[in-house]
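Q: Before I ask anything, here is the structure I am working with.
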Amino acid sequence: MKPVMPHAQLDWDDQGRPRSRVFDDVYFSDQSGLDETRYVFIEQNRLSERFAQLPADGRLVIGETGFGTGLNFLCAWQLFEQQAVAGARLHFISVEKYPLSPADLQRALALWPELKAFADQLLAQYVAIHQGFQRLVLDNGRVTLTLLIGDALEQLPQLDARIDAWFLDGFAPAKNPDMWTAELFAELARLAAPDSTISTFTSTGWVRRLLNAAGFKMRRTPGIGHKWEILRGGFVAWPEDTPAPVAAKPWFARPTQVVDERRALVIGGGLAGCATASSLAARGWQVSLLERHEALAQEASGNPQGVLYLKLSAHGTALSQLIVSGFGHTRRLLEHLQRGVDWADCGVLQLAFNAKEAERQAQLAAAFPADLVHLLDLPDAQARAGIALEHGGLYYPEGGWVHPPALCRWQASHPNVQVLTHRDALELRKVDDHWQAWDNASLLASAPVVILAGAAEIKRFAQSADLPLKRIRGQITRLPQTAESQCLATVVCAEGYVAPARLGEHTLGASFDFNSDDLTPSTAEHLGNLDMLREISGDLVGRLHADQLDPEQLQGRAAFRCTSPDYLPIVGPLADSQAFSRAYAALGKDARQVPDVPCPWLDGLYVNSGHGSRGLITAPLSGELLAAWLDNEPLPLPRSVAEACHPNRFALRRLIRGT
Ligand SMILES: Cc1cc2nc3c(=O)[nH]c(=O)nc-3n(C[C@H](O)[C@H](O)[C@H](O)COP(=O)(O)OP(=O)(O)OC[C@H]3O[C@@H](n4cnc5c(N)ncnc54)[C@H](O)[C@@H]3O)c2cc1C
Ligand SMILES: C[S@@+](CC[C@H](N)C(=O)[O-])C[C@H]1O[C@@H](n2cnc3c(N)ncnc32)[C@H](O)[C@@H]1O
């Protein structure tokens, strides 16, 4: 089981500066934290001139050990804002084992009024920061912050990125030796871009020697304040006497970038397509978003309310890691939308409706921190939910409900996104370097890059027909709010879920039907949903007068979820399936082989699909993942999770199993 991640334990000195109780050290210099940061990290990495030299589609990636109060990040962002041309982007990646609580972060950053404009944006997005990779999109996507929450030596090996400048800012080596080890420096070298620079406040001899041994060339340079000397340097080469880091397998390697033209078609206007369009648009891509209906979010993403519910595993599976990262990302995006109408952070209560569920919940509560999830006994659960219940359960205080169409529309509202409705793409053709989307005889649109985001409908295209996607029909029931149901204060789930009312209606969901192709809402499924409501709370049934409603008159809607066999989404570049089988046929005989054959990519063709019953949590971050594949950027998820979501995983499994 993963240890529960505590927040930083701080003391505050008489000047209001934070000090770590655990490490007995300061977060920044006692004299002038700001001057020291600027001198040690910004100047020594020559960031002013490097930001100024970035082209309009350029980006600089900074890596840091020890996010702490975010002071270094804010200083870098402020300078980037002053120096970089419009269109250039800053990507800051920082690892932190003991994140500050939001209240402590706010208190620490209040020390720097000159950074207020930046600190306020960071604080507004500093929500749902839990273990693993947490992406924050700032300044409309011009600045990306990826926090790796956990021990540096656990997190950095999972990072797939090229770092242009390293800030080494653990506590002093004598007090925090874990942040200054040969093993960690090998990770910094593995991640360093060819011209990477590096600096740190310490000049300790063994730190310098270990960094030199890892492949950096470090130099002592005059310090600032009471620091006599500090270290600066650059990456030279991976040391000859050390085995080279293991490269990604060719089927999971990054496709070489074939296009200079940053223009893409996204096919499908639900959560997956809108998220993809948004992530690309924020990176300066021109996106045409094709949707067959008259508007966005008319199918699975069209429900009045969906639940931000985290189906976690206590065992740290790829899916569970994706869920914690995806939840955080979605939750932060929602801060841009209107509370009460577009979403509500009312919390989600999952009832322990039988012994097996109670046992599962106890394991989860032990594996995750209380601010993400904790157990509530029956009286506390009732107090939270505002209604009478028969069981306590597991409570997700930061969860809630979302009106998915609002999230879709907000994501598609970027000026670089052109929404083209009534476009039903039936066929994809590659002509020269462009993909064309056709509807029988008419050419709908073309671009060098196409992203298939049409849920299970992507199987209609020859290029993606092999992907093992299934449709599962689901129906929700809309129940009018009553005077007595107004007290429902959280989403409550058992087998089904019911949400506090949005615009006078509660959403009750949702049925699962693996066989039906018919999307007409059925009375039988409304009745099934009402049974699930009874399981949640007899009291709420009474408050909603649900037993007196005429089942024939119930309102609702049905749509298809789209799932993959391993319940992970399918996100990433597509390969030619027949050429793939030929290229890697040797795996059928020996699964450990890694043939030295480049993957036969379908250049420019990508997928974002298979979001099952949790698209609200997985689709927005999948947009970021896809953009990272396309733009050769740091991945927003651990490498292993990105590979677990990779379209090639199925072809690979087929080869290995000989099926
Ligand atoms: C009843 C029900 C309840 C759910 N409850 C929740 C919940 O509580 N929480 C949660 O997180 N998730 C929930 N989900 C799942 C969630 O809705 C989905 O995971 C998510 O909407 C998937 O988004 P998508 O963009 O992949 O698919 P969709 O929303 O289905 O979007 C695909 C879009 O592509 C368009 N399209 C397809 N092919 C083409 C083409 N060739 N040309 C042009 N356009 C095309 C379609 O018209 C559609 O608009 C629920 C789903 C259902 C059905
Ligand atoms: C000097 S502070 C960083 C200051 C920070 N850069 C700033 O701008 O405020 C060092 C940070 O390293 C973190 N840290 C210490 N040991 C760690 C480890 N093993 N892995 C990840 N982070 C660690 C501490 O929690 C602390 O926040």
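The values are calculated or read from the model by the stated rules, or taken from the named source; none is laboratory data. What you are looking at is a predicted structure, and each value in this text was computed from that prediction instead of being measured. Because the Cβ atoms are built from the backbone with ideal geometry, glycine has one as well, and the counts that use them run over all protein chains shown.
Residue-wise test of (1) farther than 19 Å from Ala388 by Cα; (2) modelled with pLDDT of 95 or more; (3) touching a Gly at 6+ places or on another chain (Cβ under 8 Å).
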{"position": "Ala489", "(1), (2), (3)": "no, yes, yes"}
{"position": "Glu505", "(1), (2), (3)": "yes, yes, no"}
{"position": "Phe512", "(1), (2), (3)": "yes, no, yes"}
{"position": "Thr520", "(1), (2), (3)": "yes, no, no"}
{"position": "Asp531", "(1), (2), (3)": "no, yes, no"}
{"position": "Leu540", "(1), (2), (3)": "no, yes, no"}
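Q: Tally up the residues in the range 337-365 that are closer than 17 Å to His130 by Cβ and at pLDDT below 95, please.
A: Adding up the residues that qualify gives 0.
Q: Turning to a different aspect of this structure: Quick one: which of Arg592, Arg582 is of a type in the set (D, E, K, R), closer than 21 Å to Ala462 by Cα and away from ligand 1 (no atom under 16 Å from the Cβ)?
A: Working: Arg592 fails: closer than 21 Å to Ala462 by Cα.
Sole residue among the options that is of a type in the set (D, E, K, R), closer than 21 Å to Ala462 by Cα and away from ligand 1 (no atom under 16 Å from the Cβ): Arg582.
Q: Within the group Arg38, Arg19, Arg50, which residue is more than 16 Å from ligand 1 (Cβ to nearest atom), in a strand (DSSP E or B) and not hydroxyl-bearing (Ser, Thr, Tyr)? Working first, answer last.
A: Numbers: Arg38 fails: in a strand (DSSP E or B); Arg50 fails: in a strand (DSSP E or B).
That would be Arg19, the only listed residue that is more than 16 Å from ligand 1 (Cβ to nearest atom), in a strand (DSSP E or B) and not hydroxyl-bearing (Ser, Thr, Tyr).
Q: Considering the range 57-73 alone, what residues qualify as being in contact (Cβ under 8 Å) with a residue 40 or more places away in the chain, more than 6 Å from ligand 2 (Cβ to nearest atom) and touching a Gly at 6+ places or on another chain (Cβ under 9 Å)?
A: Those that are in contact (Cβ under 8 Å) with a residue 40 or more places away in the chain, more than 6 Å from ligand 2 (Cβ to nearest atom) and touching a Gly at 6+ places or on another chain (Cβ under 9 Å): Asp57, Thr65.
Q: Mind telling me which of the residues Ala282, Ala253 ends up being out of contact with any strand residue (DSSP E or B) (no Cβ under 9 Å at 6 or more places or on another chain) and either farther than 29 Å from Thr477 by Cα or within 16 Å of ligand 2 (Cβ to nearest atom) (or both)?
A: Values: Ala282 fails: out of contact with any strand residue (DSSP E or B) (no Cβ under 9 Å at 6 or more places or on another chain).
Sole residue among the options that is out of contact with any strand residue (DSSP E or B) (no Cβ under 9 Å at 6 or more places or on another chain) and either farther than 29 Å from Thr477 by Cα or within 16 Å of ligand 2 (Cβ to nearest atom) (or both): Ala253.
Q: Let me ask something else. Out of everything in the range 542-571 that is free of Cβ contacts under 8 Å to residues at least 40 places away in the same chain and among the charged types (D, E, K, R), what residue ends up being nearest to ligand 1 (Cβ to nearest atom)?
A: First, the residues of the range 542-571 that are free of Cβ contacts under 8 Å to residues at least 40 places away in the same chain: 547-548, 550-553.
Keeping just the survivors that are among the charged types (D, E, K, R) gives 547, 550, 552.
Numbers: Asp547: 23, Asp550: 22, Glu552: 20 Å.
So the residue we want is Glu552.
Conditions tested, residue by residue: (1) away from ligand 2 (no atom under 15 Å from the Cβ); (2) closer than 26 Å to Ala644 by Cβ.
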position: Ala189; (1), (2): yes, no
position: Phe201; (1), (2): no, no
position: Gly205; (1), (2): yes, no
position: Trp238; (1), (2): yes, no
position: Ala244; (1), (2): yes, yes
position: Ala247; (1), (2): yes, yes
position: Arg263; (1), (2): yes, no
position: Ile267; (1), (2): yes, yes
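Q: Only one of Pro250, Pro255 is modelled with pLDDT under 95 and either touching a His at 6+ places or on another chain (Cβ under 9 Å) or closer than 28 Å to Leu159 by Cβ (or both); which? Quick ask: steps written out before the conclusion?
A: Working: Pro250 fails: modelled with pLDDT under 95.
Of Pro250, Pro255, the one residue that is modelled with pLDDT under 95 and either touching a His at 6+ places or on another chain (Cβ under 9 Å) or closer than 28 Å to Leu159 by Cβ (or both) is Pro255.
Q: Among residues belonging to the range 387-444 that are surrounded by fewer than 19 Cβ atoms within 10 Å (Cβ to Cβ) and of a type in the set (Gly, Ala, Ser), point out the one that is nearest to ligand 2 (Cβ to nearest atom).
A: Among those that are surrounded by fewer than 19 Cβ atoms within 10 Å (Cβ to Cβ) and of a type in the set (Gly, Ala, Ser), it is Ser413.
Q: Hey, does the range 101-117 have a residue that's within 30 Å of Gln321 (Cα to Cα), in a loop (DSSP other than H, G, I, E, B) and more than 16 Å from ligand 1 (Cβ to nearest atom)?
A: Scanning the range 101-117, I find at least one residue that is within 30 Å of Gln321 (Cα to Cα), in a loop (DSSP other than H, G, I, E, B) and more than 16 Å from ligand 1 (Cβ to nearest atom), so the answer is yes.
Q: If you don't mind, another one. State yes or no: is Arg38 within 15 Å of ligand 2 (Cβ to nearest atom), under 30 Å from Ala365 (Cβ atoms), crowded, with 16+ Cβ neighbours inside 10 Å and modelled with pLDDT of 95 or more?
A: no
Q: For the range 283-399, which fully contained strands (runs of 3 or more DSSP E) count at least 2 residues that are within 16 Å of ligand 1 (Cβ to nearest atom) and among the hydrophobic types (A, V, I, L, M, F, W, C)?
A: Values: elements: 286-290, 306-308, 348-351, 374-376, 393-396.
Filter on the range 283-399 gives 286-290, 306-308, 348-351.
Q: Kindly provide the set of residues from the range 588-628 that are part of a helix (DSSP H, G or I) and modelled with pLDDT under 95, ordered by number. Write out each step before concluding.
A: Step one: filter the range 588-628 for residues part of a helix (DSSP H, G or I), giving 588, 615-628.
The answer is Gly588, and nothing else.
Q: Do you know which of the residues in the range 445-479 that are more than 18 Å from Gly615 (Cβ to Cβ) and β-branched (Val, Ile, Thr) is surrounded by the fewest Cβ atoms within 10 Å (Cβ to Cβ)?
A: Ranking the qualifying residues of the range 445-479, first place goes to Val449.
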